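Below is one structure, written out as C-alpha cells; comments come after it.
The values are calculated or read from the model by the stated rules, or taken from the named source; none is laboratory data. In this text the structure is predicted, and so the values were computed from the model without any measurement. A quick note on method: Cβ atoms are made from the backbone with ideal geometry, for glycine too, and the neighbour counts reach across all protein chains shown.
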Amino acid sequence: MNRRLVFMLGACLVLAGCGASGNWGWYVIDPRTTGGANNIKFLLNGFWATILLSVIAAAMSMVIGMIVALPGMSSNRWLRLPSRIYIEFVRAIPLLPMLFWVFYGLPVVLKSIGISVSIDAFWGAIITLAISDSAFTAEIYRSGIQSINKGQTEAAKTVGLTYSQTMIYVILPQAIKRILPPLANQFIYIVKMSAFASVIGMQELTRRANELVVTEYRPLEIYSLLILEYLVLVLIISFFVRWLERKMKADESR
C-alpha cells in the first residue's frame, strides 16, 4: 500500500507540474509537447539496456555463485578456504571501485599476460555486477542448501552417492524452492545497482537522464521522472517476487 501511495503521489506531482511556471520546468517531460514527448522517449529507451544488463548479470551471478558455494560446503578444508576467501573479498569491495577496475584495469592485466581484449561499457558493467552479486548469491545457495535436513545427505551417502551426486540429485532439487525468492530479491538489487554503469558511458536509464540534464538544465524534473522509472521497474519485479513466494509456500503446504 505504501508503495502504491508513493507512486501515485509522484505521478500526481509530475502531471500537476507540467503546466507550472516559475522555477518549475515540467514542460521538459510534458507528453503534450513535441520536446517533452521526445525527452520522455529518449529516457524510456534506456529501459531495455537496463533490463538486458540486469538479466545477463543476474544469470552470470547465479552460475558463479553456485560454483563458489558448493566447494564452500565441502568437508575438505582446502576446498572451503578458496570459497570463503572469494566471498569475503568480493563483499568487502564497493561496487563503484570494482567497476572502474574491471573497465579500466582488467584489460591492462590481461594484456600483461598476452591476452589482448577490449571491454566495452556494456560488458564491463555486466562483469562487475555479476562478480559483486555472486558473493551474496553464493551465501543464499549455502543457507538454502544447509536448511535441508542433514538426514537427506546421510541417506544419500548410505546408498553410495558421491558429494556431487548428492548435491545434484538430492539436495539441490529441494533447496531450489527455498532459494528462488531470495534470488529474485537479488535481481532487484542488480537492477538498482545497474545505475552505476552510467559512469563508464553505458546508455542505460541513469546515463540518459544525465545527458538530458546537460542539454535541458532541468535536473529536478528529469531526475524525478528517472526515479519514477526505477520505481515502476522495481514494483513490477517485486510483484513477481511476492507471487513467487506465495506459489512456493502453496507448493510446500501440499
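Does Met248 satisfy the condition of being surrounded by 15 or more Cβ atoms within 10 Å (Cβ to Cβ), more than 18 Å from Phe42 (Cα to Cα), among the aliphatic types (A, V, I, L, M) and in contact with a Pro (Cβ under 7 Å, 6 or more places away or on another chain)?
Yes: the conditions hold for Met248.
Given Lys150, Lys157, Lys177, which one is over 19 Å from Ser54 (Cβ atoms) and either in contact with an Asp or Glu (Cβ under 9 Å, 6 or more places away or on another chain) or modelled with pLDDT of 90 or more (or both)?
So the residue among Lys150, Lys157, Lys177 that is over 19 Å from Ser54 (Cβ atoms) and either in contact with an Asp or Glu (Cβ under 9 Å, 6 or more places away or on another chain) or modelled with pLDDT of 90 or more (or both) is Lys177.
Okay, residues lined up against (1) under 19 Å from the mean Cα position of the chain (by Cα); (2) not in a helix (DSSP H, G or I):
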position	(1), (2)
Phe47	yes, no
Leu53	yes, no
Ile56	yes, no
Ile67	yes, no
Ser75	no, yes
Trp78	no, no
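Tell me, please, whether a residue that is of a type in the set (S, T, N, Q) and crowded, with 20+ Cβ neighbours inside 10 Å can be found in segment 145-157.
The answer is no, given that none of the residues of segment 145-157 is of a type in the set (S, T, N, Q) and crowded, with 20+ Cβ neighbours inside 10 Å.
Restrict the check to segment 91-114 and report whether at least one residue is aliphatic (A, V, I, L, M), without any contact (Cβ under 8 Å) to a residue 24 or more places away in the chain, touching a helix residue (DSSP H, G or I) at 6+ places or on another chain (Cβ under 7 Å) and farther than 28 Å from Asn185 by Cβ.
Checking segment 91-114: not a single residue is aliphatic (A, V, I, L, M), without any contact (Cβ under 8 Å) to a residue 24 or more places away in the chain, touching a helix residue (DSSP H, G or I) at 6+ places or on another chain (Cβ under 7 Å) and farther than 28 Å from Asn185 by Cβ.
Of everything in segment 118-144 that's surrounded by fewer than 16 Cβ atoms within 10 Å (Cβ to Cβ) and farther than 13 Å from Ala69 by Cα, which residue is farthest from the chain's Cα centre (by Cα)?
Ranking the qualifying residues of segment 118-144, first place goes to Ser118.
Quick check: anything in segment 72-83 surrounded by 15 or more Cβ atoms within 10 Å (Cβ to Cβ), under 22 Å from Asn185 (Cα atoms) and not polar (S, T, N, Q)?
Scanning segment 72-83 turns up no residue that is surrounded by 15 or more Cβ atoms within 10 Å (Cβ to Cβ), under 22 Å from Asn185 (Cα atoms) and not polar (S, T, N, Q).
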